[in-house]
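Worksheet: the structure to be examined is printed underneath.
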Amino acid sequence: MPGRIKWTYEQEERLQQAYKEYRGRWETIRERSFRGHTVSQLKNKYYKIARNDPSDEVVIRESPSLSDITLNDILALVRLIDE
């Protein structure tokens, strides 16, 4: 299949490290560590690795809405700000 890239173990490790370092800022990861790849290739590979490695720190979940915030959440934030 044309365009398919064979990833080495070292590249996979570097991708995971870059994700942690740059907090998922894919364009930054591409510019600094993977110039020969597209952002889409990096994302796809990273999430494929994460899906196969349950010990990975990646947690994909739906973003909370404002209606999910409780009074206790607000009070906890106020306490953190006051510290």
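Read-outs: derived from the displayed coordinates by stated rules, not from any lab. From a predicted model like this one, the values you see are computed outputs, not experimental measurements. Virtual Cβ from ideal backbone geometry, glycine too; neighbours counted across all protein chains shown.
Tabulated data for the structure shown
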read-out: Peptide ranges 39-51, 66-78 listed from the most packed, as the mean C-beta count within 10 angstrom indicates; value: 39-51, 66-78
read-out: Charge sum, other residues only, whose C-beta stays under 13 Å from residue 74's C-beta, Lys/Arg counted +1 and Asp/Glu -1; value: -2
read-out: Calculated FRET efficiency for the pair residue 74/residue 25, C-beta based, R₀ 35 Å, to 0.05; value: 0.75
